Every structure is written in structure tokens, then in C-alpha cells.
Amino acid sequence: MAIKPICYKCKKELKKFGALLFSPPDKKGKVQKFHICADCYKSIAREINRGVVYR
């Protein structure tokens, strides 16, 4: 990678592509962007999916 982003959750440098997490926009329309490594993404996705109700 040309840049060396750091995972927001585990604080390690991303060695391969992971995910991006964007905050909701503030009153000025600005958002925050967070880099997430592939391993942390998997754990975050599991946490989200536990709360999802499928109909």
C-alpha cells in the first residue's frame, strides 16, 4: 500500500485491505473516516449481525 493506515480498533498497521467506517454527518455535513483491518472487521460484523433481526 502507498499509505500506511492504522486500524482504529486494534491500532495495528493494515497489511492488506480491510474496511472503512464512516460516522454520521455532523451539522456541517462532515464525516469522520475510520480504517478497520480485515480481522477487526470480522469481529465487528459478528457483533452487528448478532443484533440484526431477519424477517
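Structure notes:
- Single unsatisfied condition, Lys15 versus (1) at pLDDT 95 or above; (2) open to solvent by 100 Å² or more (accessible area, probe 1.4 Å); (3) not aliphatic (A, V, I, L, M): (1)
- Of the criteria (1) of a type outside the set (S, T, N, Q); (2) outside any strand (DSSP E or B); (3) open to solvent by less than 100 Å² (accessible area, probe 1.4 Å), which one Arg46 fails: (3)
- Test: residue in the range 36-43 that is of a type in the set (Phe, Trp, Tyr), touching a strand residue (DSSP E or B) at 6+ places or on another chain (Cβ under 9 Å) and open to solvent by 80 Å² or more (accessible area, probe 1.4 Å): yes
- Of all residues in the range 18-35, those satisfying the criterion of being open to solvent by 100 Å² or more (accessible area, probe 1.4 Å), assigned to a loop (DSSP other than H, G, I, E, B) and of a type in the set (D, E, K, R) are Lys27, Lys28, Lys30.
- Residue tally, condition open to solvent by 100 Å² or more (accessible area, probe 1.4 Å) and either in contact (Cβ under 8 Å) with a residue 12 or more places away in the chain or under 17 Å from Ser43 (Cα atoms) (or both), over the range 2-12: 3
The values are calculated or read from the model by the stated rules, or taken from the named source; none is laboratory data. This one's a predicted model, so the numbers in the text were calculated from it and none came from an experiment. Because the Cβ atoms are built from the backbone with ideal geometry, glycine has one as well, and the counts that use them run over all protein chains shown. Areas reflect the complete protein model, heavy atoms only, side chains present, ligands, DNA and RNA absent. Shrake-Rupley method; radii C 1.70, N 1.55, O 1.52, S 1.80 Å.
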